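For reference, the structure is listed below as structure tokens.
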Amino acid sequence: MIVIDNLTVAYGSVQALTGVSLEIGANEFVSIIGPNGAGKTTLLKSISNVVPWQSGDIRVDGTSIRGREGWDIARLGISHVPEGRRVFGQMTVEDNLKIGAMSSRVDMAQIQGIYDLFPHLAARKHARAITLSGGEQQMLAIGRALMSRPRLLMLDEPSMGLAPLLVEQVFHHIGELFKSSSLSVLLIEQRATEALEASQRSYVLEQGRVVISGPSAKLLNDPAIQSSYLGITAKG
Amino acid sequence: MKSALPKITPAMPLRSAVIQLGTIAVGGAIAIVWAGDSPTQEIITLALLYAGFASAWNIVAGYAGQFTFGHAAFFGLGSYAATILTEAYGIAPLYGLWLGVVLAAIAAAVIGSITLQLRGLYFGLVTSVFPIVFSVVATYIGLQEVPVPFNPDAGFAFFSPRAPWVLSSFALGSTVMIGVVAVLLMRSRFGLYISALRADQDAAEASGVRTTEVKITALVVSAALSAVIGGLYASAALVVTPADVFGVQMSVKPVLFSVFGGIGTLLGPVVGAVILVPLSETLTASFGSTLPSLSGLVYGAALLLVITIFPAGLVPVVRDATLALWTRRGGGGATPSTPAAEDANEEPVEASSAPPASAPVILDIKGIFKAFGGTRVLVDVNIQMREGEILGVIGPNGAGKTTLFNVINGFLRPDAGAVVLLGRDITQAKPSAIARAGLGRTFQTARLFTGMSAIENVLAAALTRGSKDAALAAAWRALAEVHLTDRAQISAGALTTGELRRLELARAMATAGEGGLLMLDEFLGGLTHADSAVLLAALRRWRARGGSVLAIEHTMRAMAGFVDRFVVLNFGEVIAEGPPEEIWRNRAVVTAYLGEKWVA
Amino acid sequence: MYALQLVIAGLQQGGIIALLSMGLALMFGVLRLVNFAQADFMMLGMYGVIVLTATLHTNFVLSSLLLAIPAFAAGLFVYQFIIRQVAKAKLASAPEHAQLLATLGLSLVLQNGAEMIWGATPRSLPSAQELSVWHIGKLSIDQPRTIGFCIAVVVAVTMLLVLRNTHIGRTVRAAASDREAAIYVGINVRKAYLLTFAVSILLSVIVGGILVSYYPVTPQTGSDFILLMFTAVIMGGLGNVMGAMAGGLILGLVQSLSQLIIPLELNNAVVFGLFLALMLVRPKGIFGEVTRL
């Protein structure tokens, strides 16, 4: 449903992405791994159209999104869970979910659905979002993104700052979500192992370029990937 | 090492400054002679006075980047001092205005030390309040209207009322003098500090620049010069009222003229005043009797138009246009040289070895706690570093690594615990003092002084450590270390990611001084192998010369083979430390990074 | 008894400052913009009500209501054609100051424009001359000021309720809290900004309508209020609408009660002293500098 074609993005003289091409199909789980500063976040922001790109194109269902406003992208069914969660801290949990619905008519059953998915949130529905723990905020950010009933869910490092146990929980939730719906998922992760395990297909981004891509299972067993991205498995 | 150093091109070249100030002086003189005794002379006087006032404001707002909206406070002190001394004691305004200068300087020092801890909008907002208060006080103590005593035959020091060119000549002289002060200031080491401050206050402070002092000094100089103009203005206005000299409009004028002509340029404020003042005065002279508020309307509308249409200001716009024209004719336009990675002699450094256990402790972090709100970010962190050591701090994103750096270099105060650098307790010290004690740092995303050349970036830091000659030598040496010598004159804004990172390392080296401590925040992230190699080689040489390195990364891989020892941080706690091979095998580390299931 | 009288007067004055400051705080909270011209719109509102009342032969409440439409339109216009343009063409040396400078310019234009049209002599509503007073025991309570206070309270509460409990209110709060995250959930932040600016201007004009019922207007009336507004807003924490309301009320009380010990002419100096003390001790305000709407 999304095709990224030879995308180049620069901030001033600093080149963030160089000729990146990739695609995400309907009901597909794709992950992008790579070191800090590789341009992963920039890639997601380009899709959400909050950073301008210099050349190349991004097409959603065959139509270029060049020149579209950032808020229109969300209405195309692309939901972005940003790095660092960025919940609306002074608003209540429930208000955060309501705002995610992108409409003045909020389906309370849908909110209940989110609460069923993340029971932690239900218990704290009237608390201000900033008072939530990191893991709860991540659940809220995902819940908020789901409220718009997206076709594609983009997740920017959902594991950041979470304890290992919570990370597993979050990845479990994402996996369940993917399996139980027709949702596509685009996941960006530092934690290459989890990302490769969860996804069907992966791209490796380095210094703004796609250096390797392929089925996740294959990458997971690739010795080069193991030594570069799976950290300590390289100890030999 | 005393070989001839390449010349650096300063931000304000002397020749260009002399030409610009000369143009103002000659142009002004011609206008004064041409106007003679006609009423036009009064307009010229006003235009020149505001040109000077705007130039004075430009020093603190344009060059130092500290926008004040209350410069009328200082201007008015000058006006009142000169006039009251004349009225009460018969002291000529030429001498009396110096009292105003002293008062304005004192007021600026007090106001500055109160308000300059504030930044950006807050600072502007607060400064706008001072003239309002001065105005209230002046009215309360009965100074609603102080006439300048008029004696047509008074002498030179009273600006000879019969010869209006005398006052306009003083106005011209003051304006040129303010320009000269600005040039001298900007060409001194202080000028580099000011530019660094404007570009990035935190990075300047971390490079050893005492930003608070620099700001206050700039404000005091600017205020004193404004008072000179205020003193002269009284003799032109003939009556001093709070609504005029302390009025909002008076505070707006220097802002308007500077923005119109070009903030942060030498010529801009003068050009702005010389165009707008005659325009407004002529309009007022023609329609002022029916529309008394016309001049204010003109100024307000002009400010709106400039900000919306050409916010860079007239002088930069014209300069760029001429430059473009000139370049198109094939006259100039320097093409940046390609950075040669092999320009410094890359003598191989013998495999770095960890310092002996007997080496003195250079950094001692003792029981640091830090929380933001309810979240504990650092929990009882203890780390010791020996001189000549390369220590890696690793941990997953969000583990508290950058917070630890900010605590060490003084950006944050720990809730508990102490930091000792080279035997000195620096827990409560300012970042600039810590930098001067021998600590240089880089930032996660490189923070350079954009608008300054590469060599100036490094020089600003080096100057905080010693004499100009020594600093120049150190700056060139640091640039050579990171292979940027041939990019020295390029503006930092035009460098590539890798070059920025290298430049930032050079600046950190110049900040710390030989044998100092470098703190590097994810300095390898997103770099090419060539750039990484340059950085790592420079760091090995740094250590070989007795320096130490503390580096943050989020993966071990990047720094294995480079560091002597790792400290692993997770959720703000040190969960492991030791040589790389030991860390590989540490169960707690594996769990932190990969989760329980990976622990076989 | 005199003190109680002063408390009442302080609350009445404070209510006006509170409503005015809430508009400023809302604007700062959402747009990160300090609007120097905020109080000048109040001044325009005062003139507007005088003109409307005279031409239409109505009372000030009706003319204030009529004025709401052009006030809102003026807000839309100023944002669309000045503030947004400035945001696009950033001032190279101080981007965050460009919009502030623009509002400073706007303030000069409004003040001098008003003087050009209506002159510098104070004007007031004809009805404002008749001072009607309620007597409760030994207290005398000024009627127009009390009615004004009540209107201010109603408007303030309405605004807070709208921000809290409606979709549009949540949209504005989300845009204020995190611009980028708001875009990700499909919020048209440009529209949210535009709306906020216009509503904030509308508030100023409404305050003008209330104030003119008992207070004469000159082109400089706005300037007289700006120090009060800034102090109230900083007291409450920049961008904190509830804080600004509290700050306004406290300020009114302080101003009024200070008459017990300090001469009236130095009233502004008292406000300023408070302002300075705040900047020194708690630059982030009593209630903290979080955008809280």
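For this structure, a couple of remarks:
- Residue-count net charge about B:ALA576 - beta-carbon cut-off 12 Å; Lys, Arg +1, Asp, Glu -1: 0
- GNM result for chain A, Cα springs below 10 Å: residue of A:VAL93, A:VAL106, A:VAL14 fluctuating most strongly: A:VAL14
- Separation of alpha-carbon centers, the stretch A:160-196 and the stretch A:50-117, rounded to whole Å: 18
- Residue by residue along C:233-243, Cβ atoms of other protein chains within 10 Å of the local Cβ number 1 on average.
- Where only DSSP H runs of four or more residues are counted, chain A gives -10000 deg cm²/dmol as its mean residue ellipticity at 222 nm, each run worth -39500 (n - 2.57).
- The residues packed around A:MET160, meaning those with a beta-carbon under 11 Å from its beta-carbon, carry a net charge of -2 if Lys and Arg are +1 and Asp and Glu are -1.
- Among the trypsin sites (Lys or Arg not before Pro) within the stretch B:133-198, those in coil by DSSP and having at most 11 neighbouring Cβ atoms inside 10 Å are B:ARG162.
- Placing pseudo-labels 7 Å out from each Cα toward the beta carbon at A:ALA217 and B:GLN428 gives an inter-label distance of 6.4 nm.
- Counting charges near B:GLN384 (Lys, Arg +1; Asp, Glu -1) among other residues having Cβ under 13 Å from its Cβ returns a value of -2.
- Taking every alpha-carbon pair under 8 Å whose residues sit at least 6 apart, the stretch B:361-598 reaches a relative contact order of 26 percent.
- The length gained by stretching the chain between C:ILE261 and C:HIS135 to full extension, at 0.36 nm per residue less their Cα-Cα distance, is 42.8 nm.
- Rounded to 5, percent antiparallel among DSSP beta bridges of the stretch A:2-235: 55
- Estimated vicinal HN-Hα couplings, Hz - the stretch C:57-71 in sequence order (Karplus 6.51, -1.76, 1.60; Gly, Pro = x): 6, 10, 9, 6, 5, 5, 5, 4, 5, 4, 6, 4, 5, x, 5
- Where only DSSP H runs of four or more residues are counted, chain C gives -24000 deg cm²/dmol as its mean residue ellipticity at 222 nm, each run worth -39500 (n - 2.57).
- Take each residue in C:264-270, count the other chain C-beta atoms within 10 Å of its C-beta, and the mean is 3.
- Label-to-label distance, A:LEU165 versus C:GLU180, with points set 7 angstrom from Cα along the beta-carbon direction: 3.1 nm.
- Spread over its residues, the convex hull of the C-alpha atoms of chain B is 194 Å³ per residue.
- Figure legend: label point modelled 7 angstrom from the Cα of B:ALA533 along Cα→Cβ; no residues of the stretch A:31-45 have amide N under 18 Å from it.
- Values of log10 I(q)/I(0), in the order q = 0.13 Å⁻¹, for the stretch B:14-323 under a Debye, Cα-only, solvent-free model: -0.90
- Beta bridges from DSSP with both residues in chain B: antiparallel share about 60 percent, rounded to the nearest 5.
- Relative to the longest principal axis of the Cα atoms of chain B, the long axis of helix B:497-512 lies at roughly 90 degrees.
- For B:ARG386, distant residues with modelled amide H under 5 Å away: B:ILE362
- Value of relative contact order over chain B, rounded to a whole percent, pairs C-alpha under 8 Å and six or more apart: 16
- Using a Förster distance of 60 Å, the FRET efficiency for B:ASN382-A:ARG149 (Cβ separation, nearest 0.05): 0.75
- In this calculation the C-beta distance from A:SER64 to A:SER180 is compared with R0 = 30 Å, giving a FRET efficiency of 0.40.
- Among B:73-79, B:110-116, C:181-187, the order from most to least packed when residues are scored by Cβ within 10 Å on average: B:73-79, C:181-187, B:110-116
- Cα-Cα pairs of the stretch A:2-235 separated by more than 26 Å (percent): 37
- Three-way shape label, the stretch B:361-598, alpha-carbon gyration tensor, a/c 1.5: prolate
- Shape call, the protein assembly as shown: gyration tensor on alpha carbons, a/c limit 1.5: oblate
- Over 23 Å between alpha carbons, listed pairs B:LYS401/C:LYS284; B:LYS215/C:LYS284; B:LYS215/B:LYS468: B:LYS401/C:LYS284
- Between B:ALA359 and B:ALA588, the FRET efficiency estimated from the beta carbon spacing at R0 = 35 angstrom works out to 0.80.
- Shape category assigned to the stretch B:117-197 from the gyration tensor of Cα positions, a/c cut at 1.5: oblate
- In this label model, B:LEU283 and C:ARG123 are separated by 2.2 nm, measuring between points 7 Å along each Cα→Cβ vector.
Laboratory data are not the source of any read-out in this text; all were calculated from the coordinates shown. Note that this is a predicted model, so its numbers are computed, not measured. A quick note on method: Cβ atoms are made from the backbone with ideal geometry, for glycine too, and the neighbour counts reach across all protein chains shown.
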